[in-house]
Amino acid sequence: MPSVQRFLVKMLPAPVSAKLSLAGRQLNVLPLYQCNSQAQPGVAAQPVWHLVEPSTPLDTFNPWDVCHALVSNGMGMSGAPHPEFAEPDFAQTWLSGSREDQAIVLASSCTAEEQEKKYPWETDKFWYQDPQHGQFDKLLAKIGTVSSAKAVRVAHLDTGYDPHHRCLPVNLEHHLERNFVDEDRPNDASDDSCGLVNNPGHGTATLSVLAGNPLPEMNRLGAAPFVKVVPIRVANRFELFYNSAIVNALRYVRDLCQDPKTAVQVVTMSMGGLPSQLWAEEVNALYEEGVVLVAAAGNNFGNAPTHHIVYPARFNRVIAACGVMADHKPYADLPVTLMAGNHGPASTMRTAMAAYTPNIPRAKFGCSNTIDWNGGGTSSATPQIAAAAAIWIQKNRTKWNAYPDKWMRVEAVRTALFNSANNTNFAKLGHGELRALDAYGVAPPTAVALQNKKEEVDAISFPFLRVLTGLGMAQFGNTQQKMLELESLQLSQSAAIQAILPDPDVDPDTLSLAQRVALAQALSQHPRASQALRRALQLGQSNSPSGPHQTTSGPHAATTPITGLRDHHLQHALRPVPPAPEFRRLRVYAYDPLLGRTLETVGINETTLQIPWETDLLPGPVGEYLEVVDVDPASGCCYAPVDLNDPRLLATDGLQPSEANPQFHQQMAYAVAMRTIRFFENALGRVALWAPRFVGKNPDYVQRLRIYPHALREPNAYYSPQRKALLLGYFSSSDRNSGVASEYVFTALSHDIVAHETTHALLDGLHRRFIEPTNPDVLAFHEGFADIVALFQHFTLRDSLRELLAYSRGDLSQQSMLAWLAVQFGQATGHYKALRDAIGTGGVNANSQPTWTRRVPKSNDYQSQTEAHDRGAVLVSAVFDAFLQVYTRRAQTPIRLATHGSEVLPQGALQSDLVDALTNVASTVARHILTICIRALDYCPPVDITFGDFLRALVTADHDLVPSDPYGYRVAFSSAFMARGIYPEGLRSYSVDTLRWEPPLEPMSTLQKLLPELSLQWTLQTSRESAWNTSRDNAWAFHRWLMNPKLVSDTELGALGLYRHADPNYQLQIGDRAVVCDMHGIEVHSVRPLRRVGPDGQLLSQMVVELTQSLHAKDGSGNVFRGGVTLVIDLTSRQVTYVVRKRINQPARLAHQQHFQQERAQSMQDKYRGLRAMAGEPFALVHRSIDGGGHER
């Protein structure tokens, strides 16, 4: 970037006679906007922006240090206006092609450049307008002729235009054109590009994409050839333009809007660069004026100098134009020799979309009759989106002008473009590919629908600087702090810093200490960092608890950030950095050791799991989520912890499966538990948290769940809510098949048991009240859901699934995965019998071969089972039945293809390809079923869950993400549940549509005032402790809002089934009996985000809030009655979409709860031990079947 000798300064207008100076140099000061240079009579003068240039060049000042000097010291004259803010007026660099490409362009003749075959291309050279892409050809045919009087006006900010080219727009408005580059011709925007570093005719090219007039032999050229175009020249070379020129152009557009006859509706800007405070101010002003601004996302080679979207496209009030190629793949992450488009960070993509590039037709500068066919870069995508916006406005002009607030005009256009886009890759295409005809058909949203969609004001900030500098920022004033943040944000737009900080908009507290040190060093060592910024970072490091950070030296010292493509290649060649592993591979038993002792199953009993890589994994293993502690109290032994980062274990995928090696027991428990955690996280779109540990009434964050592989010498394994640990047992058991009198059985070696108990812990972290047995379904749900997760995780183990399908000839209704579930543990204890019997029964045929027959469900299955495992088995059987229904339907396609349409399989073994195809179907369906079940947890009531509630949660959660349900998952769930007598309460109809949860009875109209106060940066990349703290902060904020009667009325609160105030003498009527209760206040249990991407790439962004309230009986019974509600809030519309409630004043439900608890107390053989122990360790007793007295499962 060239040395800067121009500065943009905000201050009061200076007296005409004032002689302002800095460092002995006289300063030339001119108002940036001529219209603001004179104060209005009777109105106090306001600070305005000025362009400041030294009369002679400054010597060695960094431009940002000059700005700090201007703000700190003034301008060298007593009484002169004191600057409020200053920033360099950078001459910005824009990447539009390699130097070799530019040289070729300069040397080329007027021969048309053909499509570049290094990129995807099409035979039809106007492919980007066809129905499979931008749809402009059919859209223009539908619109027909448009008169100039009805045309929308578009301002085109670029290098100007070739005045001699025959493809200039027919409605080019010369009387409004402006030039903010050449002072001698302010009203002439024509392009006179010349010189070796120019990019000739860039403005001519993008102008032709927007509204180009076709050559005589062409049917069309521009995407919107009838729009009025105001050409505004902001650069004499596309790769070099001043911030001030862009600001003046945007301000000029705003001035045009003051007169309805010249008002601009759309701005297209195929350039951008580093952020500017002035740009932010003008973008905000245009948004409030109702002007739609579309800007290019930027370009890169090999993601250098940056692959992130540049400014102003990165502002939330601007539509960022990314690129998508002819084959519908993102114009991104291409080989280093090819130019690609920018994308990201993730927080920016919600206001981005993509149009088509490269290889599109564009007018060639200096050649009046030539069209090139290889137009590329996001510069070519930008005018396409602007054209679609203009066409939509033209159609809906009357309604568009009628919006009560002008900003609604912008949001109406964005709604039409975003909702109609073909979303295939949110991370790189934002809302998706432009579909102009589909957008044209979107009706204007009502003002009511838009009232909560106003974008937050765009601001320039770099909050990470406050984290990095800490107390050091106190040395600087507020203005200089903002200037330091702007400088840091500019420096952060480099590949080196983005490797440390992928998204500057995430919560600064999520940075680890190592990231903070690396980021501070990268900023301070940046060659363009000012002394002021380095001083602030140094002060912050000296005030850090860890002391100042030392700069490394030697071969591993930090290097200067890459400044050019050639340096990038050299750096990569000399010091290639291997990528961090994404996964760790560990060997485990696929089921448990017993299956390895028979020839039939020995080949499938060992598998290798891929689990998330943890760099700092300690021996144990001890990682971010889990801590394996291998102490054996019964024997008094403590086994040495396994070190999975040992190079020998890394090279061999961990230890070989072995019953005799305690370190392998540790490895397997860790691997299966981590895999289970990852299933939950992927389904919910956020990091998992464990249930808190309470010290008194205060919850404490629990980072790690402890796993004790040899905690018990008894046939049991359970999750302990009190210890936040998995206690896995082992025991001696007789085994007729082993040939020995007895052997040890280790539950830590059962894939199913470890997954089952980990699920208990994860479910407790989501719903703390689900361990309170308020009805027969609650603990049964815990048990059944844990078995669902354990069962369906097996279907993702491809080798064992393939073996099962080959053995059953693809018919899963004739062979159950449950036959292999916890085999060794089940044979030794009789456990899991009820679970197997709920789905089918096993036997032996005439040839002594094992058989399995699917059990026909009965309508009384649910009501006839009351014990937790028996009833939980009914839930598993219903979900498994739904899986079989969907699998059978989807398996018809590969079977039909393999049998040439007959669907009759030949005798003998199935063809290998057919088995592979059926394995893919079964694995996909099983993964979908498991994901739907996990996602449904966010749609469950917070207390007193029933199986009917879970069915409604399944249907609602799946409908939100996949409204069409093409494979009938929801119908399968519904039919399977109801076949077993599981019906939701309170419904008169049980169709799939009526099973969805209801919307709120009251609108909660002030919710939009609360949402900006909440922080919802809880994703898969968020620090778990930060997510915990953020959730608690959000809960407090939500509670304050909920308790404020001015914001939430009693009627709205009553519709949730809750009471605002505590009542120590609440009269609870249960039947004909009144119970005096102490009603506690409302608790906000959880405020958590729910972000999911559907099968078509659509993003569902929601927030889940759980509220509970309790009644504590004062009759000496110790009974506690709870009510609660789960609110599902759409973050796009900012409205509550579902209310899942259990009223606290619901007499029938509470009477049923009281009756159930009395029956449980009577059934306990030892009431004191049973009830007290059940309250503290429910799973220990459920797994011992204390309440059933020797019950088998």
Go through Lys428/Lys1009; Lys142/Lys453; Lys228/Lys454; Lys329/Lys364; Lys261/Lys453; Lys125/Lys329 and tell me which ones have a Cα-Cα distance over 25 Å in this structure. Lys428/Lys1009; Lys142/Lys453; Lys228/Lys454; Lys329/Lys364; Lys261/Lys453
Report the FRET efficiency, 1/(1 + (r/R0)^6), for Asn860 and Arg1073, where r is their Cβ-Cβ distance and R0 is 51 Å, rounded to 0.05. 0.95
Per the rule of 0.36 nm per residue minus the C-alpha distance, extending Ala514 to Ser55 adds in nm 160.7 nm
Testing the spin-label approximation: label points 7 Å from Cα along Cα→Cβ at Asn698 and Leu618. State their distance in nm. 2.4
All lysines inside 19 Å of Lys10 as judged from Cα atoms, apart from same-chain residues fewer than 8 positions distant: Lys19, Lys482
Neighbouring Cβ atoms within 10 Å as the yardstick, rank Ser379, Ser21 fewest first. Ser21, Ser379
With a ≥ b ≥ c the root eigenvalues of the C-alpha gyration tensor of the range 930-1036, is it rounded (a/c under 1.5), prolate (a/b larger than b/c) or oblate? prolate
Straight-line reach from Lys1046: which aspartates and glutamates have a Cα under 18 Å away, not including same-chain ones fewer than 8 places off? Glu1002, Glu1013
Using DSSP to call loops (not H, G, I, E or B), can you name the trypsin sites (Lys or Arg not before Pro) in the range 213-293 whose Cβ has at most 16 other Cβ atoms within 10 angstrom? Arg220, Lys261
Per the rule of 0.36 nm per residue minus the C-alpha distance, extending Glu455 to Glu582 adds in nm 42.1 nm
Going by the alpha-carbon gyration tensor, a ≥ b ≥ c the square roots of its eigenvalues, is the range 92-450 rounded (a/c under 1.5) or, if a/c is not under 1.5, prolate (a/b greater than b/c) versus oblate? rounded
Write out the trypsin sites (Lys or Arg not before Pro) in the range 699-734 meeting two conditions: DSSP loop, and at most 14 other Cβ atoms within 10 Å of their Cβ. Arg723
Residue order, fewest to most surrounding Cβ atoms within 10 angstrom, among Tyr670, Tyr161, Tyr939, Tyr967: Tyr967, Tyr939, Tyr161, Tyr670
Note down the nm distance, to one decimal, between modelled labels 7 Å out along Cα→Cβ at Ser1133 and at Asp646. 5.8
Quick note on Ser800, Ser1049, ordering by fewest other C-beta atoms within 10 Å, gives Ser1049, Ser800
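Read the figures in this text as sums done on the coordinates, not as results from a lab. All values derive from a computational prediction rather than experimental measurement. Quick reminder, even Gly has a Cβ in these numbers, built from the backbone with ideal geometry, and neighbours come from all protein chains shown.
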